[in-house]
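Below is one structure; the comments refer to it alone.
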Amino acid sequence: MSASTIAPGSRAQELFERDLRQVHTDTDRLFSWLLLAQWIAGIACALWLTPLAWAGDQSSVHPHVLAAVFLGGVITSLPFVLARTHPGAPITRHLIAAAQMLWAALLIDLTGGRLETHFHVFGSLAFIAFYRDWRVLATATAVVAVDHAVRGWFWPRSVFGPGAVAGWRWVEHAGWVLFEDAFLIPACLRGLAEMRKIAERTALLEDGKAHTELEVIERTRELTAANHSLAQNEAALRTANNDLHAASAQHKALHEKLVVASRMAGMAEVATGVLHNVGNVLNTVNVSARVLADRLHNSEVPSLARAAGMIRDNRAALGSFLETDDRGRHIPSFIVEVSECLVQDQRELESEVEAIIAGVEHIKQVVCMQQEHAKHKSQFEPVNLAEVVESALRLQQESLSRHGVEVVRSIEHVPAVPADKHRVLQILINLITNARQAMENSPHRRLTVTVAHRTVDGAPFVCIDIADSGVGIPAENLTRIFQHGFTTRSEGHGFGLHSAAVAAQALGGSLTPVSGGPGLGSTFTLSLPATIQPGVTAPSGELCTES
Amino acid sequence: MLLGTGVLIAYDFTPGHAAGINTAPADIALDPAMPTLVMVVHPGCTCTRASLAALETIARTHEGRLSIHVFASQPRGVRATSIAECRQAVEQTIPVASFEARPAADLNTDFQTDTSGTVFLFSPEGRVLFAGGITASRGHEGDNPGLQHLLESIATGQATAGHPVFGCPLSVSADACIRDQECPK
């Protein structure tokens, strides 16, 4: 980039001039100390090399010492003062350049014209190039040229020695200085060009920075506004939070009330369930008890007692009575028939008594389960589902028989599954009771119970199908049938299927209804995992059989 | 500054008094086989260093072909150590040279010179081949016409022109005569 690319008065030009002025100022200050050092060094050199001038046996201060002190002082003083008081001014650096060249001449003389001291001239020129001002180099070169020209003209021996030299010898000396200038001046110009580049880049950066700062200010303003808004929102949130805390406290109080109310309601619901379950079993027990009572009422025991009375009345002539009397001749065969009837009655009564005992045992288990539920305890154990199915059918046998229900079994040999036996039993009693009720108005009443091993979604399950030939379930009710309180019977409560479905889920299984529609019967399938499912815990709660 | 420069130049480039002689003094032991070079110096003069440096170069380049004698004056104010230092310098830098200190008056009588740094080159027969200084100015080393003439005389055995002597006066009177420019011829 040339100087012309920087517009006059532009920021880049301003920066360039500022930096260049700084370079001039710094170099002036550097030279001020160098001049001072040179002065001291010149005096030291004179004192060391030529302290005294001798004339016979008398000595005096050598003129070199005086020259170093006074002539060196004159050369140094003005540029030194200007460098300290007017650093950066053009006159300062031009005077410094001239002083450096004069110091070179003085040092050469003080050192007896040593060839090595001439290097001071060229070193000084390089140093002067620090100004990056070719004009200063021109001044230094001019001083050298004029010094050689003037002294060469008027006193050639003082600069070229005592030998005769041509009049143009000063040109040769100045030429070597120009030779160095030929390198230093382009270096100065190159340095200036680089400074201009730097100035232009700095100006660009400043411009970018200014834009960035404006952007930052704008964004900061926005952020401040956002912060203000956030503060307002925070205050609002804090207020809302306080309200929420208050509401939470109220909610907590209400919750506690609700917990109490729920507990009471739960207890009522559980009590209802227990009563239903116990009630169902009591129905069975009641039926068995009635059967037992009927059997006892219709027993042949009184007939046997009458026969025994006739034998007692005719004990004295028992033989003739049994052989001759019309009633006596029938007594032996009568006793045989009565005994056979009694044996039959005994068998049936024993069966009914067993049913009553089983019912009472189940009632006991329901009560125990409720107690365990209250303690949040339940027991998973390997359960043979075929046995549980048989238990459920046995408990419902009298009821099913009384309603003329044909029971069909299709029970595979399945492995024991981990489950709560009584909970499964309650589910099955509910389903069988539900099926029996669904078939009350059906001409053909058939209950098909199937136990099979199946795979659902890759997992092994044992499934129990309770299929009836009853009224069936409309499609729209299939999704509602397990809802709490849902029932199609006027005397129903909607507890049985709901609690059965809940219990099936608690066991890690499921309860699903299938029906072809009204009049086509229905099938409920209880699916229980053949192995313990992760996350399944011992179930709690109780079941209610639909009544 | 111009005045100072002028004074300095005048000091450096004003030659001393050296009338010169035509034949070697009688008490100088001339070498019959080679030229004899005699240098007269003031032991305290700083200019002597430049003259001895030039003489050292000549001695080194003409070893075995030149007999060299250095005579130092004995001014009263000059410390004895200065003469000893001068002797040591000669012996160290120019080992082939002999060194002898003499009163300035004797040197003035023998060599008709009162300026430190005066050099004489005598032929084996005692004829003066060169008489003058061999420095460009006071205390300034380097090539100069006096040195060239001396080397030419050594090389050819012929007499050459003399050269001004830039050095300290060997005596106060000589200094005065230089200042007043009334030195005896």
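Derivation of every value follows stated rules applied to the coordinates shown; laboratory data play no part. Predicted model only: the values in this text are computed from it and were never measured. Note: ideal-geometry Cβ built from the backbone for every residue, glycine included; neighbour counts use all protein chains shown.
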### Message
Tell me the net charge near A:Glu340. Cut-off is 14 Å between Cβ atoms, A:Glu340 excluded, with +1 for each Lys or Arg and -1 for each Asp or Glu.
### Response
-3
#### Entry: Cα gyration tensor shape for the stretch B:26-124, rounded if a/c is under 1.5, else prolate or oblate
oblate
### Task
Quick one: P(r) of the stretch A:71-131 from all Cα-Cα pairs, 5 Å bins, percents rounded to integers, in order of increasing distance.
4, 20, 25, 23, 16, 8, 3, 0
### Task
Can you quote the Å³ per residue value for the convex hull of the Cα atoms in the stretch A:287-397, rounded to an integer?
139 Å³
### Summary
Taking the stretch A:1-114, the equivalent ellipsoid from its C-alpha gyration tensor has semi-axes in Å, biggest first, of 42, 12, 9
### Message
Quick one: the Cα spread of the stretch B:85-143 along its three principal axes, in angstroms, biggest first?
### Response
28, 26, 25
#### Entry: the stretch A:436-464 and the stretch B:20-74: distance between their alpha carbon centers, rounded to Å
148 Å
#### Entry: Antiparallel bridge percentage (DSSP; both residues within the protein assembly as shown; nearest 5)
70 percent
### Message
For the stretch A:48-78 and the stretch A:10-42, what is the centre-to-centre distance using only Cα atoms, to the nearest Å?
### Response
31 Å
### Message
Can you tell me the mean projection area, over all orientations, of the convex hull of the protein assembly as shown's alpha carbons? Units nm², please.
### Response
78.9 nm²
### Query
By its C-alpha gyration tensor, with a ≥ b ≥ c as the square roots of the eigenvalues, how is the stretch A:434-490 shaped: rounded for a/c under 1.5, else prolate for a/b larger than b/c, else oblate?
oblate
## Note on the structure
Between B:Arg102 and residues 5 or more places away or on another chain, the pairs with built amide H atoms under 5 Å apart involve B:Ala72, B:Ser73, B:Gln74
### Query
Using θ = phi - 60° and the Karplus form 6.51 cos²θ - 1.76 cosθ + 1.60, what ³J(HN,Hα) does each residue of the stretch A:451-458 get, whole Hz, x for Gly and Pro?
10, 8, 9, 9, 10, 10, 6, x
### Task
Using just the helices of the protein assembly as shown, give the 222 nm mean residue ellipticity in deg cm²/dmol: DSSP H runs with n ≥ 4 each add -39,500 (n - 2.57), and the total is spread over all residues, rounded to 500.
-20500 deg cm²/dmol
### Query
Cα atoms only, the stretch A:27-89: Rg and Dmax in Å?
14.8, 52
### Query
If one computes P(r) from the Cα atoms of chain B, what percent of pairs lie at distances over 22 Å?
41 percent
### Task
From other protein chains only, count the Cβ atoms within 10 Å of every residue's Cβ in B:132-139, then give the mean.
4
### Summary
Result: in chain A the number of Lys pairs with C-alpha under 21 Å apart, spaced 8 or more or on different chains, is 6
